[in-house]
Amino acid sequence: MKAWLVVLLVSVGLVAYSSTQYARAEDSAGPGGDDGTPQQPGSGGSSGPAASGSYVVLGYNDLGMHCLNQDFSQFMVLPPYNNLYAQVISRSGEDPHLVSSGVTVSYTIPSNTHSADKTNFWNFVQALLGVNPAPNVGLTGNGLAGNMKPSGDNDWLATGIPITPVLDNGQTNPYPLATITVKTSGGQQVASTQAVVPVSWEMRCDLCHGGQGGKVTAKNILQSHDRLHGTNLMAARPVVCGSCHAQPELGLSGQPGLPNLSRAMHHAHASRMGMVSLTNECYACHPGPETQCFRDVHLSHGLTCKTCHKSMTAVANPKRTPWVDEPRCGSTACHHVPGHQYEQPGVLYKRSKGHHSVHCEACHGSPHAITPTVVPADNVQAIAVQGHPGTIDTCKVCHGSTPDEPFPHTLSGGD
């Protein structure tokens, strides 16, 4: 573990706060408020549609929710670590094309500009991971504002953004908006957009372990682990869960003979969910009764977590690799349109590409946040570029004029 973990974090993504109440807060506040409410993105800083200029940029997160501990003094499940992507498309010439050089792509999170005073992560990161990033700087060197880099896969990327769900004004909002800006080499702004940077620490361990969350709950968990499994974790605090139970999303291989953390957690708790009274038992650990991170078009059509993920026992399958073996759009009874392609073989939806190598997330949104969602912030980008929420399906967002040929929902046409 320790310092080499940071190298691994550069190449992997991390995973999984209100649904209705935060949606109302975003809906009622004025544009551009310091509570993360939507502003008006546009081309070259105008208030018109973002697709009216020579470039368009589409932002997206690799996951519908990134989780982190609220307290790091006892143990760490996940650090503050959010990944933000952007696809830049030039609308000049006969056909649009993807842009991965020759421009500067930057990001800011206007409602959330600092984190070190909102979490104790920087107090314990040295003991946990053997590294000592400066306050408000994440594990890959990025802060809450900066430049994005070419990902090598047709889009732009900022990894490890150390954001928390607490805004600068003290409000809690798991769906803050980042502003992504594209400038030419001469410094002229040619496109901008807004995209949600989802984050929550609403892991409700206290529902079973008591303590009302935070340090007390964490101590109760470690004490129970020591009592039931003969460990001595209380004496080793702060503890990284992945040092014993593998966490592929962190690049941690764990200890031989022990189950990975996902297997251990889902298997141990599957028979105990009767202890909590929740309509959706997944929200006992995944954010959460207030956050309700599953908020997308599938929810609106009556699907549940178990529609795709089946059960806690299924997720606990020892043959499953967490965050690698996931449900696939193209292998379900839902998505089988003749002539359509879905994920590439061996690639998850979050990094798959479709129409002329445009990333699926750029048009459809992040996993668990496939647009339109019940959280208004998720719909800001689509409304700005095409005038309505949902899948970005208006040809002239990228094309100067509507093409005559049918739309190919396939990975075709090269880059």
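Structure notes:
- Full extension of the segment from Asn132 to Lys215, taken as 0.36 nm per residue of separation minus the current Cα-Cα distance, would add 27.7 nm.
- For the chain, taking Cα atoms only, Rg and Dmax work out to 21.3, 69 Å respectively.
- Near Val190, the amide H atoms lying under 5 Å from its own belong to Gly44, Val182, Lys183, Thr184; only residues 5 or more places off or on other chains count, and H is placed 1.01 Å from N.
- Taking the empirical scaling 2.2 N^0.38 Å for compact globular proteins as reference, region 55-193 has a Cα radius of gyration ratio of 1.15.
- Likely footprinting exposure, Trp201, Trp323, fewest C-beta neighbours within 10 Å first: Trp323, Trp201
- Within straight-line cross-link reach of Lys353, aspartates and glutamates at Cα separation under 14 Å, skipping those fewer than 8 residues along the same chain: Asp62, Asp153, Asp155, Glu343, Glu361, Asp415
- Spread over its residues, the convex hull of the C-alpha atoms of region 229-295 is 136 Å³ per residue.
- Rg followed by Dmax, in Å, when region 157-282 is reduced to its Cα trace: 19.9, 63
- For region 293-309, backbone phi angles converted through the Karplus equation (6.51, -1.76, 1.60; θ = phi - 60°) give residue-by-residue couplings of 5, 7, 9, 9, 4, 5, 4, 5, 9, x, 6, 10, 4, 6, 4, 9, 8 Hz, Gly and Pro being listed as x.
- Scoring 173-183, 297-307 by mean Cβ neighbours within 10 Å over their residues and listing the highest first yields 173-183, 297-307.
- Aspartates and glutamates whose Cα lies under 16 Å from that of Lys310, excluding same-chain neighbours fewer than 8 positions away: Glu281, Asp325, Glu326
- Derived scalar couplings between HN and Hα for region 172-187 equal 9, 8, x, 10, x, 9, 8, 9, 10, 10, 10, 10, 6, 4, x, x Hz in order, rounded to whole Hz, by the Karplus curve 6.51 cos²θ - 1.76 cosθ + 1.60 (θ = phi - 60°), x for Gly and Pro.
- The packing ranking of peptides 158-166, 312-320, 83-91, highest mean first, is 158-166, 83-91, 312-320, where packing means the average number of other beta carbon atoms within 10 angstrom of each residue.
- Projecting label points 7 angstrom from Cα along Cα→Cβ for Thr279 and Gln188 puts them 5.2 nm apart.
- Of the cross-linked pairs Lys215/Lys319; Lys183/Lys396; Lys118/Lys306; Lys118/Lys219; Lys319/Lys350, those separated by over 24 Å at the C-alpha level are Lys215/Lys319; Lys118/Lys306.
- HN-Hα J in Hz across region 78-88 - Karplus 6.51, -1.76, 1.60, θ = phi - 60°, x for Gly and Pro: 9, x, x, 6, 10, 10, 10, 10, 8, 10, 9
- Highest mean first, the peptides 59-66, 335-342 sorted by other C-beta atoms within 10 Å per residue fall in the order 59-66, 335-342.
- Summing Lys and Arg as +1 and Asp and Glu as -1 over all other residues whose Cβ lies under 15 Å from the Cβ of His266 gives a net charge of +2.
- Computed from the Cα positions only, the extents of region 317-415 along the three principal axes stand at 51, 33, 25 Å, in decreasing order.
- Our note on the geometry: Cα centres of region 344-379 and region 117-136, 32 Å apart.
- Theoretical ellipticity at 222 nm over the chain - DSSP helices of four or more residues, -39500 (n - 2.57) apiece, nearest 500: -5000 deg cm²/dmol
- Counted charge near His399, where neighbours are those whose Cβ lies closer than 14 Å (Asp, Glu -1; Lys, Arg +1): -3
Values quoted throughout were computed directly from the atomic coordinates according to the rules given, and no laboratory measurement underlies them. Keep in mind that this is a model prediction, so the values were computed, not measured. Because the Cβ atoms are built from the backbone with ideal geometry, glycine has one as well, and the counts that use them run over all protein chains shown.
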